[in-house]
1. In the chain, what % of DSSP beta bridges are antiparallel (nearest 5)?
2. Counting Lys and Arg as +1 and Asp and Glu as -1, each charge on the Cβ, what is the dipole of the chain about the Cα centre in debye, to the nearest 20?
3. For helix 368-377, what angle does its Cα long axis make with the longest principal axis of the chain, in degrees from 0 to 90 and rounded to 10?
4. How large is the accessible surface per residue of segment 314-360, computed with a 1.4 Å probe and reported in Å² as a whole number?
5. Once phi is turned into θ = phi - 60°, what whole-Hz ³J(HN,Hα) does the Karplus curve with 6.51, -1.76 and 1.60 give for every residue of segment 302-317, x standing for Gly and Pro?
6. Let me have the 222 nm mean residue ellipticity of the chain computed from DSSP H runs of 4+ only, each contributing -39500 (n - 2.57), with the sum over all residues rounded to the nearest 500.
7. Carbon and sulfur: what percent of segment 332-420's accessible surface (1.4 Å probe)?
8. Taking a probe of 1.4 Å, how large is the accessible area per residue of segment 57-194, in Å²?
Amino acid sequence: MKIQLPRGTRDILPEEVQKWHFLEDKFREICENYRYAEIRTPIFEHTELFERGVGDSTDIVSKEMYTFHDKKNRSLTLRPEGTASVVRAFVEHKMFGDVNQPVKLYYNGPMFRYERPQGGRQRQFTQIGVEAIGSFDPAIDAEIISLAMNFFHSIGLKNISLTINSLGDKESRLKHREALIAHFEPRIDEFCSDCQNRLHKNPLRILDCKTDHEHPLVATAPSILDFLNEESRLYFSQVKGFLEAIGIPFVVDPTLVRGLDYYNHTTFEIMSEEEGFGAKTTLCGGGRYHGLVEEFDGPATPGIGFAMGVERVLLALMAANITIPKDKALDCYVIVASEAAELEAVKCIDSLRRAGISADKDYQNRKFKAQMKDANRKEAKYTVIIGEDELKTGKYPFKNMESGEQVLASVKEIVQHFENA
Ligand code: HAM
């Protein structure tokens with residue numbers, strides 16, 4: 001039987017990888033400008049990390065995790081998201097003791113969720129994201145959102161919208177929770193069994209249930225914004241004030257609760273509104289999480305971050321017809337004009353590469369004309385022809401493929417030409 005890739009996964013072939021490089025480079029550049037440093041955490045973690053961090057009443061933990069037991073019978077899980085791991089690392093390496101607070105980190109890597117695969121939804125997907133841990137300043141909320149918006153603008157995506165909400169602090173959430181239970185309880189038997197279980201465990205989850213999201217009681221559910229206490233209300237209005245001050249338009253949507261349990265205060269999502277991208281699709285989601293560091297036995301520390309799905313961002317770029325610049329072009333193609341010249345051609349190409357110049361040659365024993373064609377197909381900026389006759393003089397025809405201009409030059413002179421360019 002032919003072996004194919006597992007459902008919900010994809011091969012990313014070289015031509016597409018160029019697009020990934022473009023996004024990753026842009027993201028890295030922007031993160032560095034905002035002074036976020038890269039962190040790399042393991043792809044698998046103890047299952048408990050996500051059960052406690054993401055929350056066992058979420059779909060992610062209850063239905064979508066890739067969990068397995070290792071040879072010592074430890075329960076491990078392929079990470080479904082990055083925040084829990086970053087916070088674990090923050091506590092494990094005692095980053096709360098660093099003089100530089102907040103600790104600002106970014107990451108890029110594969111995540112795993114057992115979901116029903118469809119356009120923009122895979123079982124292995126890639127997130128790029130950031131976390132700022134150690135500050136409860138509304139200016140950081142605006143900074144995080146600005147970083148994401150700036151990234152989208154820098155890659156050419158203009159048709160995007162930002163939705164924000166506040167889930168308030170613990171006190172506000174408790175009051176809202178009681179109101180939600182009172183609202184849903186009388187008719188809870190009209191809801192799916194998951195929602196029935198969620199009612200007393202985590203009624204907020206009913207608002208983002210994939211099965212019941214069209215039930216009329218969801219639309220009329222009490223709004224969290226009516227339950228924010230004074231401190232939470234003030235904080236949210238300061239976040240909005242900063243966003244306005246830096247010219248980032250937003251819409252407030254009190255039903256934006258997000259699918260992970262760790263959130264409080266600010267939550268946000270960024271959607272693509274590009275036509276041909278299907279229904280509005282969330283490119284990026286994030287928010288504040290104030291209990292997470294404590295949950296992993298660190299000192300009470302506020303945090304905020306976001307993650308975006310790289311595959312979805314690429315789909316949005318395609319829908320917007322944005323052409324992505326190709327990776328570095330080929331500087332020089334070395335043409336071997338006779339068998340006796342092969343040794344010199346290999347030496348030439350090696351000298352070029354050692355000097356940091358991109359160079360290629362034929363490895364198929366092609367005839368001269370076919371090598372010329374290959375150089376054109378590979379869009380070489382220059383060619384150099386190493387022939388038997390030229391071996392005597394050590395000077396080879398070196399051609400600028402765009403202008404057609406040709407000179408005789410030694411390998412040393414060719415290398416110098418690129419170095420001085
Ligand atoms: P999330 O909303 O679960 O948040 O995921 C963030 C983004 O990852 C989504 O907006 C989407 O672009 C992408 N994504 C999620 N699931 C899939 C999938 N199955 N296939 C393709 N793309 C997907 C989080 O993961 C939080 N950790 C974000 C965060 C960071 N909050 C605070 N800090």
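1. On the way: 52 of 64 bridges.
Counting DSSP beta bridges with both partners in the chain, the antiparallel share is about 80 percent.
2. On the way: 54 positive and 64 negative charges, 220 e Å.
So the dipole magnitude of the chain works out to roughly 1060 debye.
3. Helix 368-377 sits roughly 30 degrees off the main axis of the chain.
4. Values: 2490 Å² over 47 residues.
Per-residue value: 53 Å².
5. x, x, 8, x, 8, 9, 10, x, 5, 4, 5, 4, 5, 5, 5, 5
6. Numbers: 15 runs with 153 residues, N = 421.
So the helix-based figure for the chain works out to -10500 deg cm²/dmol.
7. Details: 2600 of 5460 Å².
That fraction is 48 percent.
8. Values: 6050 Å² over 138 residues.
Value for segment 57-194: 44 Å² per residue.
The values are calculated or read from the model by the stated rules, or taken from the named source; none is laboratory data. Given the structure is predicted, the values throughout are model-derived calculations rather than measurements. Note that we place each Cβ from the backbone using ideal geometry, even for glycine, and neighbour counts take in every protein chain shown. Note: areas computed on protein heavy atoms with side chains; ligands, DNA, RNA excluded. Shrake-Rupley method; radii C 1.70, N 1.55, O 1.52, S 1.80 Å.
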